[in-house]
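One structure is given below, encoded as structure tokens.
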Amino acid sequence: MAIATLLPATTAFIQRAPRMLIGAEWVEAADGQTMPLRNPATGEQLCVVPRATVDDVDRAVLAARQAFDDSPWSRTRPRERQNLLWKLADLMQRDAELLAQLECLNNGKSAAVAQVMDVQLAIDFLRYMAGWATKIEGSSVEVSVPLMPDQQFHSFIRREAVGVVGAIVAWNFPLLLACWKLGPALATGCTVVLKPADETPLTALKLAELVQEAGYPDGVFNVVTGTGITAGAALTHNPLVDKLTFTGSTAVGKEIGKIAMDSMTRVTLELGGKSPTIVMADADLGSAAAGAASAIFFNQGQVCCAGSRLYVQRKHFDKVVADIAGIANAMKLGSGLDASVDMGPLISARQQERVWRYIEMGRESGATIACGGEQFGPGYFVKPTVIVDVDQQHSLVQEEIFGPVLVAIPFDDEADALRMANDSPYGLGASIWSNDLAAVHRMIPRIKSGSVWVNCHSALDPALPFGGYKMSGVGREMGYAAIEHYTELKSVLIKL
Ligand code: NAD
């Protein structure tokens with residue numbers, strides 16, 4: 001058993017009771033309130049962080065507003081924004097192990113995996129976005145202006161930073177989700193107030209230290225830790241915020257979307273999913289089963305685009321399900337500090353309870369638990385579970401569980417597979433496992449989701465836009481699409 005030793009810096013960071021960054025100041029909540037963070041692997045308290053008040057959030061937004069409107073940052077050239085982002089990425093690289101350990105202790109995920117996935121993807125993404133800082137272009141347009149036929153004009157379109165960004169993120173990839181918002185914001189010249197998830201603020205607070213160390217002016221990046229209901233809502237309602245960017249549940253996303261529409265605040269919503277994994281009869285069944293298992297069990301199934309619905313062409317259904325069950329049964333569960341562990345705990349007792357309710361619901365409705373279906377503690381563990389004999393309309397198939405629970409259903413032909421894959425309120429991702437090029441190309445345009453993977457699942461790249469159709473959200477993260485979401489277009493017409 002290879003238990004990672006905590007770095008002295010990790011222990012020191014947690015022991016010093018991290019504070020929030022508002023403008024240049026590291027502060028407690030205005031009323032001194034705190035909230036406890038727990039280690040999901042043990043259920044024990046890790047430390048406390050400030051529970052931001054509405055006043056704290058308003059001060060953070062004001063700091064971001066002033067930094068955007070009137071500070072050296074507002075005059076920063078693209079090259080400097082590029083270099084600062086590279087510097088930040090370099091500092092994250094230096095502290096990659098520390099960041100991974102904080103993510104492990106706070107979220108429960110494997111420290112080893114967090115270092116090569118969460119942290120490295122975040123670093124790669126910031127470097128990718130650093131490249132965009134110097135490539136943001138407008139255009140010039142030859143115009144006619146029919147109402148003034150005798151005049152000459154010079155006309156151009158500017159792409160400008162949208163302004164103060166209010167970013168609210170979920171707990172499943174705390175650092176990575178924060179960087180998906182921070183990267184395009186800092187590349188385009190915006191300023192940011194980040195509200196990390198209630199459960200997982202530690203890497204956001206460490207990130208704020210690194211932003212300061214990189215040399216960003218005060219107020220460009222602010223972090224307020226607190227609850228969604230107080231700090232998140234205060235950020236959402238603050239009139240000085242120009243853009244809201246949210247990653248979380250569809251229920252909260254809908255509320256934020258409505259509030260944003262009321263004030264015409266720009267908004268991007270990255271929401272829930274119930275992504276299908278489709279295994280066609282011609283697929284390489286071994287890699288399809290392994291791929292389907294990792295599509296649902298990676299990060300304890302707490303992945304927005306997890307392959308949580310499995311559709312297998314009928315003649316191979318039993319074999320693929322048995323193979324996945326075999327993989328699940330062999331998985332070792334335990335603390336994310338143990339590098340030999342395949343699956344960690346869920347984020348919280350609440351999430352464990354939620355996932356367990358779905359498993360019980362399956363049992364009660366006569367579904368078959370092909371493997372797993374057990375929970376244990378201390379810590380918030382649920383065994384990787386595969387459920388069969390469920391109807392397409394069952395809540396297990398239609399609702400996002402957000403845990404290591406796979407529902408599997410057979411299909412007869414391509415049309416049947418497409419019908420069931422699209423029969424979902426969500427549309428975040430989908431994977432097709434097949435080597436039949438023609439079938440794959442017929443299916444890709446007919447799948448209603450923001451990403452389609454072929455012979456892989458949840459494979460992300462900074463250059464590829466990521467986001468949802470239907471209830472999975474509005475807008476896209478990553479790629480040039482993100483730059484578009486953090487900028488406004490301004491049309492300029494000059495009469496000569
Ligand atoms: P959640 O919606 O409960 O919370 C997300 C964030 O919103 C947290 O920071 C929370 O404090 C805040 N919040 C809660 N209520 C709020 C309110 N009334 N006003 C403002 N902010 C509020 O979601 P969660 O349980 O933390 O995360 C899981 C969900 O996130 C899943 O549905 C998952 O699919 C989704 N997710 C989506 C993506 C994506 O890119 N599409 C990525 C990761 C997670």
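The values are calculated or read from the model by the stated rules, or taken from the named source; none is laboratory data. Note that the coordinates shown come from a computational prediction; the quantities given were computed from them, not determined experimentally. We place every Cβ from the backbone using ideal geometry, glycine too, and count neighbours over all the protein chains shown. Note: areas computed on protein heavy atoms with side chains; ligands, DNA, RNA excluded. Shrake-Rupley method; radii C 1.70, N 1.55, O 1.52, S 1.80 Å.
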task = Calculate, axis by axis, the spread of Cα positions in region 53-189 along the three principal axes, and write the results as whole Å, longest axis first.
result = 70, 35, 26
request  = Distance check, please: which entries in Lys87/Lys206; Lys135/Lys495; Lys181/Lys258; Lys109/Lys383; Lys274/Lys383 exceed 23 angstrom between their Cα atoms?
outcome  = Lys135/Lys495
task = Determine the dipole magnitude for region 234-319: charges of +1 sit on the beta-carbon of Lys and Arg, -1 on that of Asp and Glu, nothing else is charged, the reference point is the Cα centre, and the result goes in debye to the nearest 20.
result = 200 debye
request  = Compute the convex hull volume of the Cα atoms of region 298-448, divide it by the residue count, and report the result per residue in Å³ as a whole number.
outcome  = 117 Å³
inquiry  = For region 198-340, what does the accessible surface come to per residue with a 1.4 Å probe? Please give it in Å².
reply    = 32 Å²
remark   = In terms of the charge dipole of region 323-372, which places +1 on Lys and Arg and -1 on Asp and Glu at the beta carbon, the residue among Asn329, Ile347, Ala370 farthest towards the positive end is Ile347
Region 100-152, Rg to Rh (Cα coordinates; Rh as Kirkwood inverse mean 1/r) = 1.58
query = When only C-alpha pairs under 8 Å and at least 6 residues apart count, what is the relative contact order of the chain, in percent?
reply = 18 percent
key: Order by protection proxy (mean Cβ within 10 Å, highest first), peptides 360-370, 171-181, 327-337   = 171-181, 327-337, 360-370
query = Tally Lys/Arg at +1 and Asp/Glu at -1 over every other residue whose Cβ is under 15 Å from the Cβ of Glu44; what's the total?
reply = 0
query = Can you give the charge dipole size of region 295-395 about its Cα centre, rounded to the nearest 20 debye, using +1 on the beta carbon of Lys and Arg and -1 on the beta carbon of Asp and Glu?
reply = 160 debye
ask   = How high is the FRET efficiency between Ile157 and Glu255 when r is their beta carbon distance and R₀ equals 25 Å, given to the nearest 0.05?
value = 0.15
inquiry  = Given a 1.4 Å probe and heavy atoms of the protein chains only, how would you sort Ile324, Ile157, largest accessible area at the top?
reply    = Ile157, Ile324
key: Heavy-atom surface of region 435-496, accessible at 1.4 Å and reported per residue (Å²)   = 53 Å²
request  = Apply 1/(1 + (r/R0)^6) to the Cβ-Cβ distance of Val141 and Glu488, taking R0 = 22 Å, and write down the FRET efficiency to the nearest 0.05.
outcome  = 0.85
message = Please give the charge dipole size of the chain, origin at the Cα centre, charges +1 on K and R Cβ atoms and -1 on D and E Cβ atoms. Round to the nearest 20 debye.
response = 580 debye
query = What shape does region 361-496 have by the C-alpha gyration tensor, where a ≥ b ≥ c are the square roots of the eigenvalues, rounded means a/c under 1.5, and otherwise prolate means a/b greater than b/c and oblate the rest?
reply = prolate
ask   = Calculated FRET efficiency, Ala30 and Leu240, Cβ-Cβ r, R0 22 Å, to nearest 0.05?
value = 0.80
note = With Rg from the Cα atoms and Rh as the Kirkwood inverse mean 1/r over Cα pairs, region 38-115 has an Rg/Rh of 1.12
request  = Go ahead and estimate [θ] at 222 nm for the chain from helices alone: -39,500 (n - 2.57) per DSSP H run with n ≥ 4, summed, over the residue count, rounded to 500.
outcome  = -11500 deg cm²/dmol
key: Proportion of all alpha-carbon pairs of the chain beyond 28 Å (%)   = 54 percent
task = Jot down the per residue volume, in cubic angstrom and as a whole number, of the convex hull over the alpha-carbon atoms of region 241-335.
result = 131 Å³
query = With every protein chain present, what accessible area does Val388 have (1.4 Å probe, heavy atoms only), rounded to the nearest 10 Å²?
reply = 20 Å²
query = Once the Cα gyration tensor of region 383-424 is diagonalised, what are the square roots of 5 times its eigenvalues, in whole Å and ordered largest first, as equivalent ellipsoid semi-axes?
reply = 20, 11, 9
ask   = In terms of solvent-accessible area of protein heavy atoms at a 1.4 angstrom probe, what is the ranking of Ser431, Ser458, highest value first?
value = Ser458, Ser431
message = Placing +1 on the Cβ of each Lys and Arg and -1 on the Cβ of each Asp and Glu in region 6-113, which of Ile22, Ala111, Leu84 has its Cα farthest towards the positive end of the resulting dipole?
response = Leu84
request  = With a 1.4 Å probe and every protein chain left in place, work out the accessible area per residue of region 50-94 in Å², rounded to a whole number.
outcome  = 53 Å²
request  = Please name whichever of Leu176, Pro149, Phe402 sits farthest to the positive end of the charge dipole of the chain, dipole taken about the Cα centre and charges placed at Cβ: Lys and Arg +1, Asp and Glu -1.
outcome  = Pro149
note = With DSSP loop assignment and no more than 11 other C-beta atoms within 10 Å, the trypsin sites (Lys or Arg not before Pro) in region 394-486 are none
key: Carbon + sulfur, % of accessible area of the chain - ligands and nucleic acids excluded, 1.4 Å   = 54 percent
inquiry  = If you take every residue apart from Pro78 with its C-beta less than 14 Å away from the C-beta of Pro78, what net charge results, scoring Lys and Arg +1 and Asp and Glu -1?
reply    = +4
